[in-house]
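Throughout, read-outs are computed from the coordinates displayed, never taken from laboratory work. None of the values given here were measured: they were computed from a predicted structure. Methodologically, a virtual Cβ is constructed for each residue, glycine included, from the backbone with ideal geometry; neighbour enumeration extends over all protein chains shown.
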Amino acid sequence: MYVCGMTIYDLCHIGHARMMMAFDVVQRWLKSSGYRVTYVRNITDIDDKIIQRALDRDITIRALTDEMVVAMHQDIDALGIERPTIEPRATEYVPQMLDLISKLQTKGLAYQASSGDVNYSVRKFQGYGKLSGKSLDELRAGERVAVQDGKEDPLDFVLWKAAKPTEPEDAKWDAAALGHPFGVGRPGWHIECSAMSCSTLGESFDIHGGGADLQFPHHENEIAQSEGATGKPLARFWVHNGFVRVDNEKMSKSLGNFFTIREVLAKYEPETVRFFLLRTHYRTALNYSDAHLDDARSGLKRLYTALALMPEHATRVAVDWSDDYAKRFRSAMDEDFGTPEAIAVLFDLASEINRSKSIALAGLLKGLGDCLGLLQQEPKMYLQAGAVLSDERIAELIAERAGAKAAKDFSRADAVRKELLDQGIVLKDSPTGTTWEVAQ
């Protein structure tokens, strides 16, 4: 599986997290289903925005991108998003990109313009538009850009950008030194993924993924480049996740309506954010708001509360896929990674645990939750996270309340409960004793 990853000039926002979460679940479920998964998610560490940000900060491109890679890993690690098997950086694959460009030029699909750029000749690739459903006639009708910079056609796109005098030296490669006659420059964005995917996974592979906004033109151009060079299908399946929206607009840095992962994690627990992202099907647009995150927190607490009711909280065990709950869960996930329906099964299972107090079902709940990267914390620790009072003081007050109830001093017992509630501590009485959690 190859997934188009981040262009690392700034901190990741929650829309980026949605993309990486979607494919984290895909690879988790494929592994749970018995597949051996090689997951490649690239890093774009050279482009116009990266160059400009490095210049603005008066640091090297490598210093900026190294800093942003560390920040990205910190953010996604916090959300429980597993690292890919291979995480190639574009700057490490420039020789492979040049090899691919030369092959396209030999086949008559690429040409060097008077500007020095090397462009892809879109009209010469039969089948352009087959992924997005766009026809050349439709694209011609929408042409508004005059032919410039030596392009033969407005639809053509750049494979190799000739260097500009104003660009820093660390944004340039000498193609001649790498055995190609294209001059000093840097790769275009689209060629990066064609080179990295084919270098790491071969000329054809199973799944290619990314955000819905990449379907056209990025993925369409990848197909034209890769299949134009090899004559083989690039990917057997194409998977695109939906946008995160704020006030019915796509969340993006260009619109300025984004929330970084770090900003969101300053207000909400990482697992709450993960649960929020997974409650909506990956292909569906997701509306971001504090109200939706608050609701996700409440829902996740319901699942943890079911586990906390057990005399000894269950440990995760291997899932018995013959169980009816497990069969329903598998059916949901096998239908295009249907996390909303799978999570509905978790809630049904939690309701049954509340009724039956079954240790076995609690183990099943944790096992199924693990397939989604959920419910792996100790329940009491999760429910009590953020308490103002110390655990020892809370235990003393619970013991005092129990003593008051035993002495039939119910007014004192109620007063202790209120004292704890005023401190944000909610008591939960059950036949096995009293537990507590932090009010949300």
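Figures for the structure shown
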item	result
Extension gain (nm, one decimal) between Lys327 and Arg355, 0.36 nm per residue minus Cα-Cα	8.0 nm
At 1.567 mPa s and 4 °C, Stokes D of the stretch 2-250 from Kirkwood alpha-carbon radius, µm² per second	68
Sites Leu55 and Ala395 - FRET efficiency at Förster radius 51 Å, r taken between beta-carbons, to 0.05	0.30
Order of Leu300, Leu178, Leu420 - criterion: other Cβ atoms within 10 Å of each residue's Cβ, fewest first	Leu178, Leu420, Leu300
Whether the stretch 255-313 is rounded, prolate or oblate, judged on the alpha carbon gyration tensor where a/c under 1.5 counts as rounded	prolate
At most 14 other Cβ within 10 Å, DSSP loop - chymotrypsin sites (Phe, Trp or Tyr not before Pro), the stretch 1-89	Tyr35
Highest-fluctuation residue, Leu375, Leu136, Leu214 considered, GNM on the chain with Cα pairs under 10 Å	Leu136
Farthest toward positive dipole pole in the stretch 307-381 [+1 Lys/Arg, -1 Asp/Glu at C-beta], among Ile343, Asn354, Val317	Asn354
20 Å reach of a label modelled at Glu203, 7 Å along Cα-to-Cβ, counting backbone N of the stretch 174-196	191-196
Shape category assigned to the stretch 386-438 from the gyration tensor of Cα positions, a/c cut at 1.5	prolate
Zero-based 20 Å bins, Cα pair distances in the chain, whole percents	22, 46, 23, 8, 1
Size of charge dipole - the chain - debye, nearest 20, with Cβ of Lys, Arg +1 and Asp, Glu -1, no other charges	780
Net lengthening on full extension, Ala285/Ala385 (0.36 nm per residue, minus Cα-Cα)	32.9 nm
For the chain, the longest site-free run once GluC sites (Glu not before Pro) in DSSP loop states with at most 13 other Cβ atoms within 10 Å are removed	144-311
Projected label distance in nm at Glu87 and Asp336, using a 7 Å step from Cα toward the beta-carbon	3.0
Glu263-Glu67 FRET efficiency (beta carbon distance; Förster radius 25 Å; 0.05 resolution)	0.90
Separation of the Ala177 and Asn248 label points, Cα + 7 Å toward Cβ, nm	5.4
Prolate/oblate/rounded label for the stretch 174-217 (Cα gyration tensor, a/c 1.5)	oblate
Helix runs (DSSP H) in the chain reaching 24 Å along axis by Cα, Kyte-Doolittle at least -1.0	14-32, 61-78, 290-308, 339-356
Estimated dipole of the stretch 307-381 in Debye, rounded to 20 [Cβ of Lys and Arg +1, of Asp and Glu -1, Cα centre]	300
Percent RCO, i.e. relative contact order, over the chain, from Cα pairs under 8 Å lying at least 6 residues apart	14
Contact order relative to length of the stretch 386-438, as percent, for alpha carbon pairs under 8 angstrom and 6 or more apart	33
Listed residues Val70, Gly403, Pro84: farthest to the positive end of the dipole of the chain (Cβ charges)	Gly403
Least to most buried among Ile223, Ile207 (fewest other Cβ within 10 Å first)	Ile207, Ile223
Projected label distance in nm at Thr432 and Gln74, using a 7 Å step from Cα toward the beta-carbon	3.9
The stretch 155-314 - convex hull of the alpha-carbon atoms, volume per residue in Å³	212
Check: the stretch 386-438 dipole with +1 on Lys, Arg Cβ and -1 on Asp, Glu Cβ, in debye	220
Rounded FRET efficiency, nearest 0.05, which uses the C-beta distance separating Ser33 from Asp414 and R0 of 45 Å	0.30
Extension gain from His292 to Ala318, taking 0.36 nm per residue of separation minus the Cα-Cα distance	6.2 nm
